[in-house]
1. Based on alpha-carbon centroids, what's the gap between the stretch 7-29 and the stretch 187-203 in Å, whole number please?
2. What list of ³J(HN,Hα) couplings, whole Hz, do you get for the stretch 163-173 from phi and the Karplus terms 6.51, -1.76, 1.60, once you set θ to phi - 60° and write x for glycine and proline?
3. Would you list Cys46, Cys160 from the most to the least accessible area, probe 1.4 Å?
4. Enter the accessible area of His66 (Å², nearest 10), with the probe set to 1.4 Å and all protein chains included.
5. For the chain, what are the per-bin percents of Cα-Cα distances with bins 20 Å wide, up to the bin holding the maximum?
6. Kindly state, to the nearest 0.05, the FRET efficiency for Asp207 paired with Asp12, given R0 = 35 Å and r defined as their beta-carbon distance.
7. Can you quote the Å³ per residue value for the convex hull of the Cα atoms in the stretch 122-162, rounded to an integer?
8. Under a 1.4 angstrom probe, counting protein chains only, how are Glu200, Glu18, Glu311, Glu39 ranked by accessible area, largest first?
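The values are calculated or read from the model by the stated rules, or taken from the named source; none is laboratory data. Since the structure is predicted, the reported quantities are computational estimates derived from the model, not experimental observations. Ideal geometry is used to build each Cβ from the backbone, glycine not excepted, and the neighbour counts take in all protein chains shown. Accessible surface is based on the protein model in full, side chains and every heavy atom, while ligands, DNA and RNA are left aside. Shrake-Rupley method; radii C 1.70, N 1.55, O 1.52, S 1.80 Å.
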Amino acid sequence: MKAFASSADLADKEQTLEVLADGVYALTAEGDPNVGAIEGDDFLVCFEAMATPVAARGWLARLREHTHKPVRYLVLSHYHAVRVLGASAFGADVIIAHDSTRALIAERGLQDWESELGRMPRLFRDPSSIPGLTWPTVTFADRLTIHLGGGRGELALAYCGRGHTEGDIVAWLPRQRILFAGDLVEAQAALYTGDAFHAEWASGTLDAVAALGAESLIGGRGAVARGRAEVDAAIGQSRDFLETMRARVGAVHAGGGTLRDAFEAAHAALAPRYGRWPIFEHCMPFNVSRLWDELSGIERPVIWTAERDREVWAQLRD
Ligand SMILES: [Zn+2]
């Protein structure tokens with residue numbers, strides 16, 4: 001059996017802080033989850049919280065080399081543990097997420113925490129520093145605007161439809177044309193779709209992301225996409241990954257094959273283009289399992305637990 005999920009991925013990644021425009025920061029890390037920050041006149045908006053407070057403090061130390069403004073807003077793109085459980089390190093006045101993200105944390109936050117800790121132990125730097133689940137204090141359904149002040153324009157938080165989860169949001173700077181896309185778009189990293197709505201993500205949701213017309217894009221993982229060609233490539237790659245999975249898993253499902261057959265078919269179709277990218281092998285069993293459910297008419301993703309993770313892994317990867 002292949003090593004479970006990312007449990008054998010123990011080598012630290014190099015973190016790179018980039019200043020994308022005046023007061024706009026992105027920290028990427030060779031395929032580990034990306035984070036960002038945007039300066040207001042006298043405050044900061046941070047985007048994503050990392051997996052633990054200790055991990056987040058490393059990012060904040062880098063950010064403090066550029067600005068000492070206090071963190072007023074912490075924006076969470078979705079509920080996944082590696083994005084939210086470091087929140088306490090930010091000391092934010094307000095934690096913002098989609099309505100559905102707060103509901104998902106209530107419904108499955110504890111199970112997701114246990115699942116992700118088992119799948120990606122390296123990201124959970126000092127897990128004992130996590131004080132508990134992260135609870136958004138302001139939620140919204142469609143759009144929320146933060147006025148940055150001081151001639152800096154605005155930051156638009158927007159829901160583009162169901163995709164990577166039921167409640168993903170993006171952070172968009174219309175003046176600077178910079179988009180923090182969360183896990184709806186990956187740049188040269190595999191997609192995780194174990195909690196996804198594949199059909200909607202691949203169509204209307206990615207259409208809405210593309211329609212913003214970003215000139216720089218920070219995806220959930222991978223390098224910053226700079227310029228329209230790289231932005232289009234990242235969105236196109238994400239759509240192709242989803243469409244290839246839907247075609248291959250769909251054909252096996254319609255033809256009366258097994259989940260295992262579907263996994264083999266999707267893996268074979270995706271591996272030539274995506275097999276060397278971060279977390280590909282980790283994601284595929286969970287991705288195909290969820291897509292199989294979606295094709296079977298199971299509306300909402302089944303909750304992943306540490307136990308179910310191991311069962312699916314054993315079924316598809318032994
Ligand atoms: Zn995620």
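1. Centre-to-centre distance over Cα atoms comes out at 22 Å.
2. x, 4, 9, 6, x, 6, 10, 10, 10, 10, 9
3. Correct descending sequence by accessible area is Cys160, Cys46.
4. For His66, solvent-accessible area is about 90 Å².
5. That works out to 35, 59, 6, 0, in percent per bin.
6. 0.40
7. Enclosed volume per residue, from the Cα hull, is 176 Å³.
8. Largest accessible area first, the residues go Glu311, Glu200, Glu18, Glu39.
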